[in-house]
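Written below as C-alpha cells is the structure these notes are about.
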Amino acid sequence: MRAREFIVEYNRDITKKNYGDKIVRRWGDGAVSSLSIRKVRDKVVAGEPLDANEQNVYNEAVNNIITKAELADPTPNKQYVQWLVRAWINGSLNLAEDILTTGSQFVKMWHELKTHRALPPKYSDINRIKARSDWNQAWVDIRAAYDNFAPSKPMAKGHAEELFNGPDVRIIRPHDEQAACYYGQGTQWCTAATQSHNMFNHYHRDGELSIFIPKKPIHEGEKYQLWVHNSNGSYQLMDEHDDPIEEGGIETLSSWFPSVTDKLLLKIHPGLVNHPQVNWQEYGSVKQQVVEKLLRDGYFKVAYRDLINMLNDGDENDEDHLENVRYMKEQFQEMENAVIRVAQNATYDELTHSQHDATMIHIPNAIFDYIDRYTEYGSWRGDWADDEVLLGFTQNIHDWFNRQMPWDKRQREKQGRLEPYYEIEKDENTGKWTVEYTGP
C-alpha cells in the first residue's frame, strides 16, 4: 500500500453533509417506508426546514446507513465508506443490510486485490463502478479475479434437503449457513456471504429459504432464492444478482418453471396461504369486508350522519332549504357509490403498485392508499364534485384515508400517531380472515 493512500482522514460529518439528503430520499422512496421518513423526504425535496422531531428522523436514517458502511469497510482509514453509501443510494446494494454483507465482501476482495496489485486493469478505480449494471459485472469480474488470486478451499455442503427435482428445476432447502453458502455460490445473496456478515440465521428464524436451480439456465449462474415469512406470508424472491423479482412476483415462478405449481409452493412454504397471489379466494373475502365493514358501514356511515346534522341546521319550513337537503343527500350517495365501486373493482396489482408483496394483513392499507390517490386527483368524480360542500367532504375522506395508511401506527403511539380504525386478524382454526371497523 502506497503511503499517500493514507493521507485522507475519514470524516463522518463530511460524509453526512455530502450524502445525508440523498440517503433520506432513498429511504423515503421505499415501498414500505414509514410515513415519518416519507414526510421528511418530501420536505428535503422541497427544500423546507425540518422541525426537531423531523430532524431526529433525518439523523436516524442517515446514521443508520453511514454506520453500516463504516462497519463494512475493512480499512483502518475507512476509505470505502463513501463508495458503499453511494452504492446503496444508487441501488447497486438493494437493501440496507446488503451494505454489511454483499457490499462488505466486495470491498474486502477489491481491497486485497488492490493491495497485491492484482486488480483487473478496468477496475483500477473503484469509483468507476457507479450504476447497477456496472456493479453486477464488477461483482462477477472481481470475484473471478479474487478466486484466481486466492483459490478457496473446497466448501462444506452443510445440511440441506432437496425439496423438488422436476423436469425444469431443482429446489433446495438449506438448513444452515454452510448450506446457504454452498448452494448460493456465485450469487450476491446476503445469505451466501462468506467473507462478511452472513444473514442466513436472521432470515431463518422467521421463515424458510428455498433455492431454485434451473435445469436449463438461460444464462450462466442463473439461480433464484425465495424466502417466505412463516406467519404473515410476505416473501422475497431474488435473482442471483440479489435483484428482487417485482413484476409478477411469485407468480413468475410458474411461468418460468411449469412444474412449480401453487400446490407445490404451498407445500414447501405453507406461510404463502396468507398471500393474495396464492389465496385469491380469501383475498376477495378480505377486500369485500373492507368495502362493506370499513367503508360502507364504517366511515361513510359516520360521514353521512355528519352531513345530515349539518344540513338540519337550516329552516325546516324553507322549501329551498329542503330541496337543497334532498340534493345533497343524493350527491353524497353518488359519491359514496363511486368510492365503493373504485374499491370493489381494484385489482391486486392496482392496489399494491406502491407496496410490492402486500399480504392479507396489508390489504386494508392498500385500499386506503388506492382510494387516497383517487380522492386526491379526482379523475373518477361525478357532477357532485362541483358542489362546494361535498368538496369539503371529499377532502375529509382524503384526509381520513391518508390517516389509515401507515399500518405500523399501533407500534408508534409514542410518536403521537393515530391508531387505524380497524382490526384485521386470522382465525387459526378456520384460516379465515376477518376485518372489523373500530372507529367512531
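The values are calculated or read from the model by the stated rules, or taken from the named source; none is laboratory data. Small disclaimer: the values here were computed from a predicted structure and weren't measured. Positions of Cβ are backbone-derived with ideal geometry, glycine not excepted, and every protein chain shown enters the neighbour counts. Note: accessible area is taken over every heavy atom of the protein model, side chains too, but ligands, DNA and RNA are not part of it. Shrake-Rupley method; radii C 1.70, N 1.55, O 1.52, S 1.80 Å.
Looking at (1) closer than 20 Å to Tyr299 by Cβ; (2) at pLDDT 55 or above, which one does Tyr327 not meet, given that it meets all the others?
Going through the list (1) closer than 20 Å to Tyr299 by Cβ; (2) at pLDDT 55 or above, Tyr327 breaks only (1).
If we scan segment 103-115, do we find a residue that is aliphatic (A, V, I, L, M), within 24 Å of Phe200 (Cβ to Cβ) and either at pLDDT below 90 or open to solvent by 60 Å² or more (accessible area, probe 1.4 Å) (or both)?
Checked segment 103-115: no residue is aliphatic (A, V, I, L, M), within 24 Å of Phe200 (Cβ to Cβ) and either at pLDDT below 90 or open to solvent by 60 Å² or more (accessible area, probe 1.4 Å) (or both).
Determine whether segment 77-86 contains at least one residue that is open to solvent by 10 Å² or more (accessible area, probe 1.4 Å), farther than 22 Å from Thr191 by Cβ and in contact with a His (Cβ under 9 Å, 6 or more places away or on another chain).
Checking segment 77-86: at least one residue is open to solvent by 10 Å² or more (accessible area, probe 1.4 Å), farther than 22 Å from Thr191 by Cβ and in contact with a His (Cβ under 9 Å, 6 or more places away or on another chain).
For segment 38-118, please list each of the helices (runs of 4 or more DSSP H) lying entirely inside it that holds at least 1 residues being hydrophobic (A, V, I, L, M, F, W, C) and over 19 Å from Arg143 (Cβ atoms).
Working: elements: 52-72, 81-89, 102-115.
Of the helices (runs of 4 or more DSSP H) lying wholly inside segment 38-118, those with at least 1 residues that are hydrophobic (A, V, I, L, M, F, W, C) and over 19 Å from Arg143 (Cβ atoms) span 52-72, 81-89.
Step by step: first the residues of segment 197-223, then only those that are in contact with a Pro (Cβ under 8 Å, 6 or more places away or on another chain) and of a type outside the set (Asp, Glu), then the one that is nearest to Glu162 (Cα to Cα). Which residue is that?
It comes out as Ile211.
Could you check segment 170-195 and list, in sequence order, the residues that are open to solvent by less than 20 Å² (accessible area, probe 1.4 Å) and either among the hydroxyl-bearing types (Ser, Thr, Tyr) or closer than 16 Å to His241 by Cβ (or both)?
Gly184, Thr187, Gln188, Trp189, Cys190, Thr191, Ala192, Ala193 - these are the residues of segment 170-195 that are open to solvent by less than 20 Å² (accessible area, probe 1.4 Å) and either among the hydroxyl-bearing types (Ser, Thr, Tyr) or closer than 16 Å to His241 by Cβ (or both).
Would a scan of segment 303-324 turn up a residue that is closer than 23 Å to Ala358 by Cβ and either hydroxyl-bearing (Ser, Thr, Tyr) or in contact (Cβ under 8 Å) with a residue 24 or more places away in the chain (or both)?
No: zero hits.
Looking only at residues that are in a helix (DSSP H, G or I) and small (Gly, Ala, Ser) in segment 133-154, which one is farthest from Asp206 (Cα to Cα)?
Among those residues, the one meeting the criterion is Ala145.
Collect the residues in segment 1-44 that are β-branched (Val, Ile, Thr) and either modelled with pLDDT under 90 or surrounded by 13 or more Cβ atoms within 10 Å (Cβ to Cβ) (or both), keeping them in residue-number order.
Here is the first cut: in segment 1-44, the ones β-branched (Val, Ile, Thr) are 7-8, 14-15, 23-24, 32, 37, 40, 44.
Selection gives Ile7, Val8, Thr15, Ile23, Val24, Val32, Ile37, Val40, Val44.
Pick out, from segment 165-262, the strands (runs of 3 or more DSSP E) lying fully within it that include 1 or more residues that are out of contact with any helix residue (DSSP H, G or I) (no Cβ under 9 Å at 6 or more places or on another chain).
The qualifying strands (runs of 3 or more DSSP E) are 169-174, 235-239.
With the structure loaded, tell me whether Gly298 is within 30 Å of Gly233 (Cβ to Cβ) and either free of Cβ contacts under 8 Å to residues at least 40 places away in the same chain or open to solvent by 40 Å² or more (accessible area, probe 1.4 Å) (or both) or whether it fails that test.
Numbers: within 30 Å of Gly233 (Cβ to Cβ): yes; either free of Cβ contacts under 8 Å to residues at least 40 places away in the same chain or open to solvent by 40 Å² or more (accessible area, probe 1.4 Å) (or both): no.
No, not satisfied.
So which of Lys130, Lys157 is touching a helix residue (DSSP H, G or I) at 6+ places or on another chain (Cβ under 7 Å), of a type in the set (D, E, K, R) and assigned to a loop (DSSP other than H, G, I, E, B)?
Lys157 is the lone residue from the list that is touching a helix residue (DSSP H, G or I) at 6+ places or on another chain (Cβ under 7 Å), of a type in the set (D, E, K, R) and assigned to a loop (DSSP other than H, G, I, E, B).
Between a first residue in segment 246-271 that is in contact (Cβ under 8 Å) with a residue 24 or more places away in the chain and closer than 14 Å to Asp168 by Cα and a second residue that is open to solvent by 10 Å² or more (accessible area, probe 1.4 Å) and among the charged types (D, E, K, R), which pairs have beta carbons less than 6 Å apart while being 6 or more apart in sequence or on different chains?
Phe257/Asp168; Ser259/Asp168
Scan segment 65-86 and give yes if some residue there is at positive phi, among the basic types (Lys, Arg) and in contact with an Asp or Glu (Cβ under 8 Å, 6 or more places away or on another chain), otherwise no.
The answer is yes, given that some residue of segment 65-86 is at positive phi, among the basic types (Lys, Arg) and in contact with an Asp or Glu (Cβ under 8 Å, 6 or more places away or on another chain).
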